[in-house]
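Any read-out appearing in this document is the output of simple, stated calculations on the displayed coordinates, not a laboratory observation. Every value quoted in this text rests on a predicted model; they were computed, and no experiment measured them. Methodologically, a virtual Cβ is constructed for each residue, glycine included, from the backbone with ideal geometry; neighbour enumeration extends over all protein chains shown.
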Amino acid sequence: MAKISWKGSTLLSPVPPALVTCAHGEEINIITIAWTGILNSQPPKTYISVRPTRHSYQMIMESREFAINLTPKTLVRAADWCGIHTGAKVDKFARCHLTPEPASQIAAPLIAECPLALECRVTDILPLGSHTMFVADIVAVDADESLLDADGKLCIDRANLVAYAHGDYYELGRRLGKFGFSVAKKKKPAKKS
């Protein structure tokens, strides 16, 4: 397959269009962030990259906390809207009919309508150019009980999460395999008695 080469850009896709919540004092806000991911397993670490011109930037700088609320398909319009408008001029929770709920480990609220959230405490701040990266420990994970099976196992497919790829939002599709399926030994059929 022939390829063409372009100048370096931010084409890594898909990424989550996460609804990131933050708080400082009595003020709370939501900012949509696609520049996020996992950095480390033990301790669990993540990051978000935020433009210094964003209203949430100073709130996160001062509080050193935020929550990454994963976006289900029912909230894709809210995620898009929260990424376009500034919390300096509008209450995004009220405008998008979202419910702030207390987190267990941080002061920033969670979004009740999001089925999964990562509570994060900032450990490092890295100015990178257009964005500043906030590296954080994941201090708690909050999952809606409806995502658990009878054995308490997380069934992430029940969350109906969306992805963002090169300017477009996508509903995640069917599962193609699980970690290690390419090297798993096939089970032998049970012997008939």
Specify the inter-centroid distance of the stretch 52-101 and the stretch 122-159, based on alpha-carbon positions, in whole Å. 16 Å
For the stretch 1-57, using Cα atoms only, the Rg and Dmax in Å read 15.7, 55
Relative contact order for the stretch 18-171 using alpha-carbon pairs under 8 Å, separation at least 6, rounded to a whole percent? 25 percent
In what sequence, highest mean first, do 132-141, 114-123, 83-92 appear when ranked by Cβ atoms within 10 angstrom? 114-123, 132-141, 83-92
Count charges around HIS24 for me, please; just the other residues with Cβ under 12 Å from its Cβ, Lys/Arg as +1, Asp/Glu as -1. -3
Going by average Cβ density within 10 Å per residue, which order do the peptides 7-14, 34-41 take, highest to lowest? 34-41, 7-14
Cα-projected label distance for GLU62 with SER13, points at 7 Å along beta-carbon direction, nm: 3.7 nm
